[in-house]
Amino acid sequence: MPKIPYLRDKAMQMFPELIETPVSPVRTVQIEKTENGKLRIFEDRAYFLREMSSEDELILDFGDHQTGYLTLELATSGRHPDAPAWIELQFAENPREFFEKVSEYKGWISSAWIQTEQLHVDVFPTSLSLPRRYAFRYVKLRAINISQNYKLIVKDARVRAVSSADDSRLLPYVTGDARTARLDRLAVRTLHECMQKVFEDGPKRDRRLWLGDLRMEALANYESYRQNDLVKLCLYLFASDVTDRGQVAANIFVEPEIEADFALMFDYSLFFISTLLEYYRQSQDRECLEDLYETAMRQLELAAELKGKDGIIGDLSPMGICFVDWNLELDKAASAQGIYLYCLKDAIELARSFGDEKRAEALEEEYNELTVVSRDYFMDPKTSVFVSGEKQQISWASQCWLILGGAVDAKEGAHILERLKAMDADKVSGMVSPYMRHVYVDALIACGQMDDALGALKEYWGAMADEGADTYWELFNPENPHESPYGGTIVNSYCHAWSCAPTYFLRKYYRDDL
């Protein structure tokens, strides 16, 4: 992919300094699985500083989700160690990870993401610092094998937690509702842990910059930390490494150097427009707008090439896949059309902000035509909801994106969402990820359904909190809370950027000081 040196040079000057915080365990625990599959976690004071022999275990609880580097202070009792201590460390964001055998994982996500280490320690006492960064709340230390002539003692443990989020800048959230206060707290912690050198999608797995996640992280940031320079950095990184045709990649690696991934996504590339516009609304950063405006507009031009003569987006393959949601059965034609409309609408405002009135007028004319065309093409006269594809699939995604794109007005959009709620659930393709739930809440608010939107936040993210979440998860199905699309929960991300919606919506629309 072609590099754009002056944009990259500017980006290299923007990387933040990470804030380091020492964190110690709050307790040691034992964890049991009950007959109904629930977990029982209880404190066991006798575990900490006890003498450990072969096969003994120690579970440290750090009290909240941490992203950072572990140090153990190890000592021995008994005779002089006559052989190394062979130990295993396993890190868990969710304690359920301890109940899945690493050796039995056969999923399609690389097992190298599993957070476990085996080490041999030869000399005691020692300060053992692991070089790799981990994301976790719990750490299990298992003594695989120790000589019978001595015992292993964990004298101390600490984490050098890292994040670029500055908690001294965190804006207060004013509410008298304990439920929403808790939802916000978990969402802020999710955002905090994902704010590293860039906005990562998850500090445990992938650990890179994805555009779809960035859009949602940036929105949450504007209502909480307001560290807008981090958003600016990420925008410059995407613009600095594009395809030969000028398309922004879906994600970016930043180590050992900046490099765009091979993955391309129709919707993620278009969201560069919306992310830049929202950043400009917040910052009025004219330099950034001038640097990145043409990159943003190029995403729209590439997408417009996919329209047929009827104005409907057709074959997406020149721009990659259209993600929308982790629903493998979802027909995405209607969603793609809605996303195009949504980003076209943002492009009009971006053009006017830039002073490109001629382009803005042309885009506005196109938008006004396409909203009518899109409504007529995807609306099913029998059910009065949007359908997608040859099988005329009805889905939440199709309704939400065409509503947000402006194919119908707010009043009709509200009626459509009500009609969908009244349908048999097995006739409607559902929502799988928190990413899509964010879009659903956004659609409800766009339709003026403020109570329903708040109810959706409390119901979905509240259910995650009730399952014991410290941070919000990459995937959550309330009917099967612990499923995994990867072949094992041990690689699930339990702190994921696209799940921080409550911080954005609650602070923007549901606070007592508005």
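The values are calculated or read from the model by the stated rules, or taken from the named source; none is laboratory data. Owing to the predicted nature of the structure, the values given are computational and were not obtained by experimental measurement. We place every Cβ from the backbone using ideal geometry, glycine too, and count neighbours over all the protein chains shown. The accessibility values were calculated without ligands, DNA or RNA, using every heavy atom of the protein model including side chains. Shrake-Rupley method; radii C 1.70, N 1.55, O 1.52, S 1.80 Å.
Okay, here's what the table says:
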read-out	value
Listed pairs Lys345/Lys508; Lys391/Lys421; Lys10/Lys332 exceeding 25 Å between Cα atoms	Lys10/Lys332
Pairs of Cα atoms farther than 35 Å apart, the chain, %	38 percent
Long-range HN-HN contacts of Arg27 with modeled amide H, under 5 Å	Asp61
Helix 211-222 vs. the chain, principal-axis angle (Cα, 0 to 90°, nearest 10)	80 degrees
Neighbour-limited loop hits for trypsin sites (Lys or Arg not before Pro), the stretch 252-337 (at most 15 other Cβ within 10 Å; DSSP other than H, G, I, E, B)	Lys309
Loop-located GluC sites (Glu not before Pro) in the stretch 422-487, at most 16 other Cβ atoms within 10 Å (DSSP)	Glu467, Glu479, Glu483
Stokes-Einstein translational diffusion, the stretch 342-409 - Kirkwood Rh over all Cα pairs, 1.306 mPa s, 10 °C, in µm²/s	123 µm²/s
Between 0 and 90°, nearest 10: helix 333-354 axis offset from the chain longest Cα axis	80 degrees
Selection from Ile339, His120, Ala165, by position along the positive dipole direction of the chain (Cβ)	His120
Proximal aspartates and glutamates relative to Lys427, as straight alpha-carbon distance under 13 Å, when same-chain residues fewer than 8 apart are discounted	Glu329
Loop-located chymotrypsin sites (Phe, Trp or Tyr not before Pro) in the stretch 307-373, at most 16 other Cβ atoms within 10 Å (DSSP)	Trp326
Residue-normalised accessible area of the chain, expressed per residue, 1.4 Å probe, Å²	42 Å²
Dipole-positive endmost among Ser395, Thr67, Met195 within the chain (Cβ charges, Cα centre)	Thr67
Percent breakdown of C-alpha pair distances by 10 Å bin, ordered from the shortest bin, for the stretch 1-112	9, 28, 28, 19, 10, 6, 0
Cβ-defined net charge surrounding Thr489, 9 Å radius [Lys, Arg +1; Asp, Glu -1]	-2
Global geometry of the stretch 245-375, whether rounded, prolate or oblate, following the gyration tensor of its Cα atoms and the 1.5 cut on a/c	oblate
Check: the chain dipole with +1 on Lys, Arg Cβ and -1 on Asp, Glu Cβ, in debye	960 debye
Magnitude of the charge dipole, the stretch 351-434, Cβ model with Lys/Arg +1 and Asp/Glu -1, debye to 20	340 debye
Three-way shape call for the stretch 149-240 based on the alpha-carbon gyration tensor, with the a/c threshold at 1.5	oblate
Over the stretch 225-375, relative contact order from alpha-carbon pairs under 8 Å, at least 6 apart, %	22 percent
Under 21 Å from Lys155, Cα to Cα: lysines that are on another chain or at least 8 residues apart	Lys140
The chain, accessible surface, carbon-and-sulfur percent (1.4 angstrom probe)	48 percent
Antiparallel DSSP beta bridges within the chain, percent to nearest 5	95 percent
Pairwise label distance in nanometres, Glu257 with Asp426, each label 7 Å out on the Cα-Cβ vector	5.7 nm
Rh by Kirkwood over Cα pairs, then Stokes-Einstein D for the stretch 451-514 at 1.567 mPa s and 4 °C, µm²/s	101 µm²/s
Taking the chain and dividing mean pair separation by its residue count, relative contact order in percent (alpha carbons under 8 Å, at least six apart)	17 percent
Amide proton proximity set for Gln196, modelled H, under 5 Å, gap of 5+	Ser164
Cα-based shape type of the stretch 5-49, given that a ≥ b ≥ c are square roots of the gyration tensor eigenvalues and the cut on a/c is 1.5	oblate
Estimated Rh, the stretch 170-222: Kirkwood, alpha-carbon pairs, angstrom	11.9 Å
Helix axis angle, 434-446 relative to the chain longest principal axis, alpha carbon, degrees	40 degrees
